[in-house]
Amino acid sequence: MNEQKKRMKGQKNLTSKKKDDFEDILEERRQSSDLRYAMKCYTPVVYKELSPCKPSAIKTVVLQSEQVQYVIRQLSRETGESPDIIQEEAAEILDEMGHSMHMGAIRFFAFTLSKIFKCLFRSICVNEDGMQKLQQAIQEHPVVLLPSHRSYIDFLLLSYVLYNYDLALPVIAAGIDFLGMKIVGELLRKSGAFFMRRTFGGNKLYWAVFAEYVKTVLKPFIPLPGLLNIVMDPFLKREVFDIYLVPISISYERVLEESLYARELLGVPKPKESTSGLLKARKILSEDFGSVHVYFGQPLSLRTLASGRINRCPFNLVPRHIPQKPSEEVQEFVSDIAYKMELLQIENMVLSPWILVAAVLLQNLPAIDLELLVEKTSQIVFSLDNLCATKAVRSGLALHSNIVSLVNGQVVLNDKEMGPGAPEELVFKQALAILLCGSYRNQLLNVFVRPALVALALQMTHSSRKEEIYSHFAFWRDVFSDEFIFFPGIPLKDFEEGCFLLTKCDAVQVTPQQVFVTEKGSAVISFLTAMFRPFVEGYQLVCRYLSKETNEPFTEKQFIFGVRNFTSQLLETGNTECYEVLSSDMQKNALATLVRLGIVSRTKMNDRFTYSVNKETLSKIAGMFESRIPVRKPVAARL
């Protein structure tokens with residue numbers, strides 16, 4: 001009874017918080033028993049229509065569903081295999097895939113994660129207003145949680161937060177790799193994770209079992225990227241009245257796997273997930289990873305989003321159990337929702353001062369005086385006085401001492417590993433440090449991508465004619481649409497938003513026909529343009545490589561290897577300073593852009609894609625990349 005009163009009191013306090021107030025949920029954990037916390041009375045609020053269902057019952061429901069039985073009969077006719085054998089195969093898929101909820105495992109994680117998170121993080125801050133809305137939404141309709149993804153611990157962190165607020169733990173779609181982790185894999189399964197194969201495109205039985213499983217467990221649910229169409233299927237087929245989509249922004253002051261990600265981008269194979277690897281990684285418990293902010297966005301009704309967009313009547317003309325390929329209308333709707341969710345995630349990110357420091361530092365390599373760095377950071381965030389800026393910069397440098405060092409009053413990229421070595425080794429180490437810094441700067445660029453593109457267009461046109469500036473803006477928006485999130489089909493709206501934001505900070509003046517850079521706005525324009533420079537230069541280098549080095553069709557793997565070798569040689573000889581083009585992400589995105597623009601053609605042969613370059617078209621687009629490149633200037637700006 002006392003526990004229930006305590007929980008009700010907590011829920012009452014939750015409703016009294018102001019909008020966007022954050023609560024540090026680790027604060028109480030540092031003052032009370034973790035064991036008592038793990039063993040607390042846990043009676044989560046659940047969807048009103050949800051009936052408790054054991055894992056064995058879920059398996060039976062899925063296997064006996066009309067959709068799975070239809071596919072089994074269809075495959076039996078196609079292959080001549082006995083339906084019973086195919087049914088057994090479906091059962092094996094479910095045994096591999098299925099999740100379960102065991103309170104023992106949940107309490108074990110609640111206790112263990114409390115210990116781990118208190119070691120790793122200074123605070124875990126959650127917006128109380130968002131939790132209140134989620135609490136209400138969970139009771140009314142099935143809820144799909146859509147978190148941003150920056151770390152492997154995202155889903156553990158979300159489960160921990162929901163347990164803290166006495167909300168139902170989510171069912172989480174996890175990669176099959178985690179199942180290979182002895183003991184840990186089964187603990188994850190017993191805490192709500194179910195496991196899916198990385199690829200199963202042509203496997204009809206796997207698709208059918210997976211889709212039916214998702215429908216059956218649909219409650220608080222976290223899908224992997226690309227599964228929104230399956231999540232929406234029950235609504236489109238009128239199996240549920242509505243589904244709530246909840247965008248969640250997880251902002252890490254320092255990402256646990258930052259070095260691992262950067263090395264992977266440079267071609268170092270990712271270590272296989274294993275329990276032994278997890279145990280070896282326990283040394284990170286002595287490191288400081290700063291604070292985490294978890295922002296739960298407004299729950300969005302899928303029914304409201306689909307109103308006027310989707311005609312669900314055609315779904316009534318075909319029995320629900322017969323698999324249907326989504327129409328173009330549905331595919332476009334699902335794509336638009338995915339973009340909307342990603343944009344909301346970006347909008348609600350919490351940016352730390354270090355992100356500004358990283359952006360300024362990358363524009364002032366190889367070193368910058370600490371006092372100048374503080375000055376530039378305070379000028380970007382005009383609300384900071386010099387004392388606050390000094391404290392924020394020093395705090396960021398201390399937290400990220402693995403990336404940067406303070407040497408004789410100058411801030412430099414970490415020189416601990418920059419000793420003597422072969423040229424290619426020095427290039428790798430420098431690229432690693434720059435990619436680490438760049439991963440934080442890109443968070444800022446994601447937020448300011450529209451005004452930054454306007455700034456890029458202004459500097460590359462050297463014109464004030466609005467029509468000409470917009471033309472360049474639309475071109476670069478299209479070019480970088482694989483690097484950044486833009487809602488499809490609204491370049492003019494994005495341009496106007498970028499102009500509006502620049503006008504708000506007095507960087508430009510806009511008339512019906514022209515866009516003028518103000519006297520104090522030149523610093524802002526230069527700063528924003530300089531953030532884009534690595535992408536412009538990187539795409540230029542990719543074009544140069546394709547123009548000079550490729551005459552025969554090639555695979556993506558050959559392309560990445562070729563670009564990396566080509567650029568490394570230029571870096572070793574000092575003919576370029578663009579280390580970021582060594583990132584496999586930039587290389588893949590550039591290739592996808594060139595395919596989309598018709599410069600490179602893609603052909604499928606023997607279950608793999610090969611690429612060919614149209615040299616004539618390439619020379620034209622390369623000219624656009626090369627024209628009026630913004631000059632790199634270390635500048636201060638005010639946003």
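The value of relative contact order for the chain, using C-alpha pairs under 8 Å at least six residues apart, is 13 percent. In this structure, the amide hydrogen of Val45, modeled 1.01 Å from its nitrogen in the peptide plane, lies closer than 5 angstrom to those of Ala168, counting only residues at least 5 positions away or on a different chain.
With a 1.4 Å probe and every protein chain left in place, work out the accessible area per residue of the chain in Å², rounded to a whole number.
Working: 30360 Å² over 639 residues.
Dividing the accessible area of the chain by its residue count gives 48 Å².
Please work out the Cα center distance from segment 82-135 to segment 220-269, rounded to the nearest Å. Using only Cα atoms to place each centre, the spacing works out to 14 Å.
May I ask you to order 118-125, 284-291 by the average number of other C-beta atoms within 10 Å around their residues, highest value first? It would help to have the intermediate numbers written out before the result.
Values: 118-125: 18.9, 284-291: 14.8.
Ranking, from highest mean packing down: 118-125, 284-291.
For segment 131-136, the Karplus equation 6.51 cos²θ - 1.76 cosθ + 1.60, evaluated at θ = phi - 60°, returns couplings of 5, 4, 5, 5, 4, 6 Hz by residue, with Gly and Pro reported as x.
Can you pull out the trypsin sites (Lys or Arg not before Pro) in segment 277-373 that DSSP calls coil and that have at most 14 other Cβ atoms within 10 Å? Could you put the intermediate results ahead of the total?
Values: sites: Lys280, Arg282, Lys283, Arg303, Arg309, Arg312, Arg320, Lys340; in loops: Arg309, Arg312, Arg320.
Qualifying residues, ordered by number: Arg309, Arg312.
Run the accessible area of segment 456-570 with a 1.4 Å probe and give the carbon-and-sulfur part as a rounded percent. Don't skip to the end; give the middle numbers.
Working: 2690 of 5280 Å².
Exposed carbon and sulfur together represent 51 percent of the surface.
For the chain, the longest principal axis of the alpha carbon atoms and the long axis of helix 66-79 meet at an angle near 80°.
Given the rule -39500 (n - 2.57) for each run of at least 4 DSSP H residues, summed and divided by the residues of the chain, what is its mean residue ellipticity at 222 nm, to the nearest 500 deg cm²/dmol? Walk me through the numbers on the way to the answer.
Details: 27 runs with 345 residues, N = 639.
Value at 222 nm, helices only: -17000 deg cm²/dmol.
Between Gln136 and Leu426, the simple spin-label model (points 7 angstrom out along Cα→Cβ) gives 6.2 nm.
Shown for segment 450-552: lysine pairs separated by 8 or more places, or found on different chains, whose C-alpha atoms are under 24 Å apart, numbering 5.
Any idea what % of Cα-Cα pairs in segment 139-251 are farther than 16 Å?
61 percent
The values are calculated or read from the model by the stated rules, or taken from the named source; none is laboratory data. The structure presented is a predicted model; accordingly, all values stated were derived computationally and were not measured. Virtual Cβ from ideal backbone geometry, glycine too; neighbours counted across all protein chains shown. We work out accessible area using only protein heavy atoms, side chains counted, and drop any ligands, DNA or RNA first. Shrake-Rupley method; radii C 1.70, N 1.55, O 1.52, S 1.80 Å.
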